[in-house]
Amino acid sequence: MFCLHYFPKLKNDTFLCACHGQETNHVPVWCMRQAGRYLPEFREFRAGKDFFETCRSPAACCELTLQPLRRFPFDAAIIFSDILVIPQAMGMDVQMVAGKGPTFPEPLKEPEDLLLLQPKVDVNKELGYVFKAITLTRHKLDGKVPLIGFTGAPWTLMAYMIEGGGSTTHSKAKRWLYRHPEASHKLLKMLTDVIVEYLLGQVAAGAQALQVFESHAGCLGPVEFQEFSLPYLRDIARKVKDQLKESGQDVPMIVFAKDGHYGLEDLSQSHYEVVGLDWTIDPRSARERTGGKVSLQGNMDPCALYAPKERISEIVKKMLEGFGTRGYIANLGHGLYPDMDPENVGAFVEAVHTHSRHLNLK
Ligand SMILES: Cc1c2[nH]c(c1CCC(=O)O)Cc1[nH]c(c(CCC(=O)O)c1C)Cc1[nH]c(c(CCC(=O)O)c1C)Cc1[nH]c(c(C)c1CCC(=O)O)C2
């Protein structure tokens, strides 16, 4: 797949340099869920509109992606969309219910239900609206910062498709792993195939980096992670990279396995340039365990944003000292919550830029 678009020249490449472990003047920073309900302008724009309708409008996705960039000097943008557009593309109904979150009226119950899924998904037809949103946003960004595309990882999507929504135990989905391992692998493989095509489509449309969200890694133990998550995460990176290499493209990939610290060593050897971390890992030990093989991204506790600004600044300084300023992308350990104060988000971004510049001068 060749990139047929002529996009504006990139002016701030600190995020891409950090992905590749290259030196930068300051540590780049962005926040998961930076386009979200903590911003009054987001709430106003989204008011009265269906969530997935919004996802299907390239102009709306573009506007929501750009909103946080108008307020804060983030070093990357992430396209506004959702991981659950993939189950939709495979034929499942998914709704966003206010106060409840994503809901599947008819989740998968037994292995026979796999027959109800589209066996072969034409990503251009089913997810072309995401590609259009990416192309439009890349143009509208005007080279200010790079644009990140993303996907849910196979296990995380499988869990949603079986649970039918959020869950604390994920026991319905884990029941499949223990009771129907073959059907589980079949579903994970189907998802992997769609995800690879979907990510390649995002790059062709203009995405300059890709993040894979394994948000439900934490409910797996090391053994189940080895069997049902890691091989598919590896497959995705290898297949996407092999294809991109053929067309001479180099797009860094980030893997974020939330609460998956037991898999850190393996994740650092899974063909991803960057490993994302939640806040339950100490920066120094994350560096040691990944042995300098990858760049790291994360990992301030999102709740630290409830602290006064001076305290946020101290926490950021410690975090930067722990990770070091090279091969590091500052972020939170998970997404921003709707009740967070945009001013404190601004304080977080400023603290990363200021402290990292000072540390680089030492
Ligand atoms: C698990 C997951 C989902 N979606 C996503 C994940 C993986 C990351 C993670 O672990 O949080 C990924 C996602 N969802 C959204 C983005 C956009 C980009 C960004 O990070 O700014 C991204 C990267 C927008 C969104 N996706 C959603 C919102 C909020 C709802 C709204 O705008 O009305 C946003 C901004 C909805 C959503 N979508 C999902 C959930 C659990 C929710 C929250 C539901 C709720 O709290 O009511 C599924």
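The values are calculated or read from the model by the stated rules, or taken from the named source; none is laboratory data. Note that the structure is predicted; figures quoted are calculated from it, not measured. When we count neighbours, we look across all protein chains shown, and the Cβ atoms used for this are built from the backbone with ideal geometry, even at glycine. Accessible surface is based on the protein model in full, side chains and every heavy atom, while ligands, DNA and RNA are left aside. Shrake-Rupley method; radii C 1.70, N 1.55, O 1.52, S 1.80 Å.
Tabulated results
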| quantity | calculated |
| --- | --- |
| Formal net charge of residues neighbouring TYR160 (Cβ-Cβ distance under 11 Å; K, R +1; D, E -1) | -1 |
| Average accessible surface area per residue within the chain, 1.4 Å rolling probe, Å² | 42 |
| Label-point separation in nm, GLU321 to LYS9, each point 7 Å along Cα→Cβ | 4.0 |
| Principal axis dimensions, the range 121-190 - Cα atoms, whole angstrom, descending | 50, 28, 17 |
| Tail beyond 29 Å, pair distance distribution of the chain (Cα, percent) | 37 |
| Pairwise centroid distance, computed over Cα atoms, of the range 53-128 with the range 253-303, Å | 25 |
| Cα gyration tensor, the range 170-228 - rounded (a/c under 1.5), prolate or oblate | prolate |
| Cα→Cβ-extended label distance, 7 Å offset, between GLU106 and VAL223, nm | 3.6 |
| Label-point separation, ASP113 to ARG284 (7 Å along Cα→Cβ), nm | 4.8 |
| Listed pairs LYS120/LYS258; LYS11/LYS49; LYS258/LYS318; LYS172/LYS245; LYS11/LYS309; LYS9/LYS241 exceeding 27 Å between Cα atoms | LYS120/LYS258; LYS11/LYS49; LYS172/LYS245; LYS11/LYS309 |
| Positive minus negative residues near ALA59 (Lys, Arg vs Asp, Glu; Cβ under 11 Å) | +2 |
| Gaussian network model of the chain, springs between alpha carbon atoms under 10 Å - residue of ASP259, ASP50, ASP93 with greatest fluctuation | ASP50 |
| ILE78 long-range amide H proximity, modeled H, under 5 Å | ILE148 |
| Residue-wise HN-Hα coupling along the range 328-337, computed from phi with Karplus coefficients 6.51, -1.76, 1.60 (Hz; x: Gly, Pro) | 9, 10, 6, 6, 8, x, 6, x, 5, 9 |
